[in-house]
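Chemist: If you scroll down you'll find the structure; I have some questions about it.
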Amino acid sequence: MKKYVINVERKKHRRQHPWIYSNEILTISGTPNPGDVVIVYEHGKLIGSGIYNPNSLITIRLYSPVEEDLNVDFFKRKFQEALKLRKTVLPNEEDFRLIYGESDGVPGLVIDKYQNHFALQTYSLGVDKRKMIIVEALKELFEVKSVVEKNDFRLRDAEGLPRQESVLYGNPEPVIISENKVKYKVDIFSGQKTGFYFDQRITRAKVQRLSKGLEVLDVFCYSGGFALNAALGGAKSVLGIDASKLALELAEENARLNNVEKVCKFICADAFDKLRELYRKRLKFDLIILDPPPFFKSLKEKSRGLRGYKDINLQAMKLLKSGGILVSCTCSHYLFWQDLLDVLNAAAQDLGRNFRIIDRSTQGPDHPVLLHLPESEYLRCFFLEMTND
């Protein structure tokens, strides 16, 4: 590969961070093209190899502490390392997020594994240019039946990449996966995001353990992840709400797949409107799960997003029986732990009821969080119990 050398200077608190911004670059040797590999030095010391994109605020994404190319061997090694970690932290699972971007040393790449079918997302230009190399690396390690790119999402905009979805290899087809002994039918190509939300595996398992004998409400239920776990945990009844008819068709199919169709009922509706309607009908629940899509994705949208989170949590709290439990989740990276606490506290004060925190959870171990990369954490969940006082 042609060698391009870039000298940088970062602030002390960012010395371990894999992102280098445009204002941290001092000199560039040669004229690298967007997506090229560059060798990065700081104060005369090699700090690694990175992917270059001068059109992005994140101008360099470091992927290795040494000088090496982004080739099949590199991706194979990273995939093997990631697979070893998943086999250690999820020894009984075969379906999971195989690659979680920078957390697995492959910036700008997400890969979800569904048996021998794979869904990938590329959100850096350099990785996007190497999609077919990634496919080849997967084929050398697994008995791949299909690889689908699910690239219709916002992060690509910052890299100047078009939003698109396509089949990169093979013939994608719906597949049955298992998580914590719960079966799910996943439509990889037509489903939301990469087809399934692996990140909530910890919280789903906790909901299953809490649900025996309870009347449960699953809001933003998608394909029924929390609803199924509640039903299999012995819930008396489960009501799921989602605005997508396709998602609810899949949820109903999943309920039949797990023999809990008599316990689960699903309604297609706007969550905000439906919760208010349920309140007017004086319905109450023992356990409510809120797992909404992100209400904001940037700091400039935060104020408006916070109002949405407060409103939906207040409406859910109104539907709780005394002593009931609210599981409130957010996947907005910029809604930090204290922000979520503040939202929940404000909603509780408006309602005039007291709650205690009985548990909390975050993304599963197949979405590892790096200590030096706070951006790798985004999923936060609190379990609140309404007290009787």
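The values are calculated or read from the model by the stated rules, or taken from the named source; none is laboratory data. Fair warning: this is a prediction, and the values are worked out from it, not measured in the lab. Here Cβ is always computed from backbone atoms with ideal geometry, including for glycine, and neighbour counts include all displayed protein chains.
Chemist: Kindly provide the set of residues from the stretch 90-119 that are assigned to a strand (DSSP E or B), in contact with a Ser or Thr (Cβ under 8 Å, 6 or more places away or on another chain), touching a residue at least 40 places away in the same chain (Cβ under 8 Å) and more than 15 Å from VAL175 (Cβ to Cβ), ordered by number.
Modeler: Result: TYR100, VAL110.
Chemist: Additional query: Here are LEU248, LEU283, LEU326: which of them is more than 30 Å from VAL175 (Cβ to Cβ) and either touching a helix residue (DSSP H, G or I) at 6+ places or on another chain (Cβ under 8 Å) or surrounded by 15 or more Cβ atoms within 10 Å (Cβ to Cβ) (or both)?
Modeler: Details: LEU248 fails: more than 30 Å from VAL175 (Cβ to Cβ); LEU283 fails: either touching a helix residue (DSSP H, G or I) at 6+ places or on another chain (Cβ under 8 Å) or surrounded by 15 or more Cβ atoms within 10 Å (Cβ to Cβ) (or both).
The conditions single out LEU326.
Chemist: Between VAL148, VAL219, VAL207, which is more than 21 Å from ASN92 (Cα to Cα), assigned by TED's automatic domain parsing to the domain that holds ALA247 and within 19 Å of the chain's Cα centre (by Cα)?
Modeler: Numbers: VAL148 fails: assigned by TED's automatic domain parsing to the domain that holds ALA247; VAL207 fails: more than 21 Å from ASN92 (Cα to Cα).
Exactly one residue qualifies, and that residue is VAL219.
Chemist: Here's another thing I want to ask about it. Restricting to the stretch 309-323, count the residues that are under 21 Å from the mean Cα position of the chain (by Cα), crowded, with 23+ Cβ neighbours inside 10 Å and of a type outside the set (S, T, N, Q).
Modeler: Here is the first cut: in the stretch 309-323, the residues under 21 Å from the mean Cα position of the chain (by Cα) are 309, 312-313.
Still in the running and crowded, with 23+ Cβ neighbours inside 10 Å: 309, 313.
Add one more test, that the residue is of a type outside the set (S, T, N, Q), and what stays is 309.
Final tally of qualifying residues: 1.
Chemist: Quick check: anything in the stretch 287-303 under 24 Å from the mean Cα position of the chain (by Cα) and of a type in the set (Ser, Thr, Tyr)? Show your work before the answer.
Modeler: Start the filter on the stretch 287-303 by keeping residues that are under 24 Å from the mean Cα position of the chain (by Cα), which leaves 287-303.
When the remaining residues are screened for being of a type in the set (Ser, Thr, Tyr), the result is 298, 303.
Checked against the condition, which is being under 24 Å from the mean Cα position of the chain (by Cα) and of a type in the set (Ser, Thr, Tyr), the stretch 287-303 yields at least one hit.
Chemist: Test VAL72 against the stated conditions and say whether it is closer than 14 Å to VAL127 by Cβ and buried (at least 20 other Cβ atoms within 10 Å of the Cβ). Break it down stepwise before answering.
Modeler: Values: closer than 14 Å to VAL127 by Cβ: yes; buried (at least 20 other Cβ atoms within 10 Å of the Cβ): no.
The answer is no for VAL72.
Chemist: Follow-up question, since we're still on this one. With GLY191, GLY105, GLY195 as the choices, which residue is more than 25 Å from CYS329 (Cβ to Cβ) and of a type outside the set (D, E, K, R)?
Modeler: Just one listed residue meets the conditions, GLY105.
Chemist: Related question: Could you tell me which of the residues LEU371, LEU314 is at pLDDT below 95 and among the hydrophobic types (A, V, I, L, M, F, W, C)? It would help to see each step written out before you state the result.
Modeler: Values: LEU314 fails: at pLDDT below 95.
None of the other options fit; the residue is LEU371.
Chemist: Could you list all residues from the stretch 6-62 that are under 18 Å from ALA158 (Cβ atoms), assigned to a strand (DSSP E or B) and not small (Gly, Ala, Ser)?
Modeler: TRP19, ILE20, TYR21, ILE25, ILE51, TYR52, ILE58, THR59, ILE60, ARG61, LEU62
Chemist: Just to check your reading of the model, which residue among LYS245, LYS284 is among the charged types (D, E, K, R) and free of Cβ contacts under 8 Å to residues at least 24 places away in the same chain? Explain how you work it out, then say what you get.
Modeler: Details: LYS284 fails: free of Cβ contacts under 8 Å to residues at least 24 places away in the same chain.
Checking each option against the conditions leaves just LYS245.
Chemist: Quickly run through the stretch 1-36 and pick out the residues that are in contact (Cβ under 8 Å) with a residue 60 or more places away in the chain, surrounded by 15 or more Cβ atoms within 10 Å (Cβ to Cβ) and more than 15 Å from SER56 (Cα to Cα).
Modeler: Listed by number, the list holds a single entry, HIS17.
Chemist: So, in the stretch 108-126, exactly how many residues are surrounded by 22 or more Cβ atoms within 10 Å (Cβ to Cβ), more than 20 Å from ARG201 (Cβ to Cβ) and not small (Gly, Ala, Ser)? Don't jump to the end; show me each part of the working.
Modeler: If we filter the stretch 108-126 for residues that are surrounded by 22 or more Cβ atoms within 10 Å (Cβ to Cβ), which is where we start, we get 108-114, 117-122, 124-126.
If we keep only those that are more than 20 Å from ARG201 (Cβ to Cβ) too, we end up with 108-109, 122, 124-126.
With not small (Gly, Ala, Ser) added as a condition, the list becomes 109, 122, 125.
Looking only at that region, the number is 3.
Chemist: Give the stretch 75-89 a look and list any residue that's touching a residue at least 60 places away in the same chain (Cβ under 8 Å) and surrounded by 14 or more Cβ atoms within 10 Å (Cβ to Cβ), or say none. Full working, then the answer.
Modeler: Start the filter on the stretch 75-89 by keeping residues that are touching a residue at least 60 places away in the same chain (Cβ under 8 Å), which leaves 75-76, 79-80, 85-86, 89.
Those that are touching a residue at least 60 places away in the same chain (Cβ under 8 Å) and surrounded by 14 or more Cβ atoms within 10 Å (Cβ to Cβ): PHE75, LYS76, PHE79, LEU85, ARG86.
Chemist: Among the residues of the stretch 146-163, is there at least one that is surrounded by fewer than 22 Cβ atoms within 10 Å (Cβ to Cβ), assigned to a loop (DSSP other than H, G, I, E, B), touching a residue at least 40 places away in the same chain (Cβ under 8 Å) and charged (D, E, K, R)?
Modeler: The answer is no, given that none of the residues of the stretch 146-163 is surrounded by fewer than 22 Cβ atoms within 10 Å (Cβ to Cβ), assigned to a loop (DSSP other than H, G, I, E, B), touching a residue at least 40 places away in the same chain (Cβ under 8 Å) and charged (D, E, K, R).
Chemist: Based on what the data block shows, is ILE176 of a type outside the set (Asp, Glu), over 27 Å from CYS221 (Cβ atoms), at pLDDT 95 or above and not assigned by TED's automatic domain parsing to the domain that holds ALA205?
Modeler: Numbers: of a type outside the set (Asp, Glu): yes; over 27 Å from CYS221 (Cβ atoms): no; at pLDDT 95 or above: yes; not assigned by TED's automatic domain parsing to the domain that holds ALA205: yes.
It is false that ILE176 is of a type outside the set (Asp, Glu), over 27 Å from CYS221 (Cβ atoms), at pLDDT 95 or above and not assigned by TED's automatic domain parsing to the domain that holds ALA205.
Chemist: Please specify each residue of the stretch 204-216 satisfying the condition of being touching a strand residue (DSSP E or B) at 6+ places or on another chain (Cβ under 9 Å), closer than 24 Å to SER322 by Cβ and either modelled with pLDDT under 95 or of a type outside the set (A, V, I, L, M, F, W, C) (or both). Full working, then the answer.
Modeler: To start, the set of residues in the stretch 204-216 that are touching a strand residue (DSSP E or B) at 6+ places or on another chain (Cβ under 9 Å) comprises 204-208, 210-211, 213-216.
The next check asks that each one be closer than 24 Å to SER322 by Cβ; those that pass are 206-208, 210-211, 213-216.
Once the filter is applied, which keeps residues that are touching a strand residue (DSSP E or B) at 6+ places or on another chain (Cβ under 9 Å), closer than 24 Å to SER322 by Cβ and either modelled with pLDDT under 95 or of a type outside the set (A, V, I, L, M, F, W, C) (or both), the stretch 204-216 yields LYS206, GLN208, SER211, GLY213, GLU215.
Chemist: Another question about this same structure. Could you check how many residues of the stretch 258-315 are of a type in the set (S, T, N, Q) and either outside the structural domain of LYS212 (by TED's automatic domain parsing) or within 30 Å of GLU377 (Cα to Cα) (or both)? Even if it seems obvious, please write down each step before you answer.
Modeler: From the stretch 258-315, those of a type in the set (S, T, N, Q) are 258-259, 298, 303, 313, 315; that's our starting set.
Still in the list and also either outside the structural domain of LYS212 (by TED's automatic domain parsing) or within 30 Å of GLU377 (Cα to Cα) (or both): 298, 303, 313, 315.
Going through the stretch 258-315 one residue at a time, the tally reaches 4.
Chemist: In this structure, is PHE295 under 23 Å from GLY225 (Cβ atoms), among the aromatic types (Phe, Trp, Tyr) and modelled with pLDDT under 95? Before you say what the answer is, go through the steps one by one.
Modeler: Numbers: under 23 Å from GLY225 (Cβ atoms): yes; among the aromatic types (Phe, Trp, Tyr): yes; modelled with pLDDT under 95: yes.
Yes, satisfied.
Chemist: Sticking with this one: Looking at the stretch 346-386, which of the residues that are polar (S, T, N, Q) and touching a residue at least 40 places away in the same chain (Cβ under 8 Å) is nearest to TRP19 (Cα to Cα)? Can you show your working first?
Modeler: First pass over the stretch 346-386, keeping only residues polar (S, T, N, Q): 349, 354, 361-363, 376.
After this cut, where a residue has to be touching a residue at least 40 places away in the same chain (Cβ under 8 Å) as well, the list is 361-363, 376.
Values: SER361: 27, THR362: 24, GLN363: 22, SER376: 12 Å.
Out of the qualifying residues, it is SER376.
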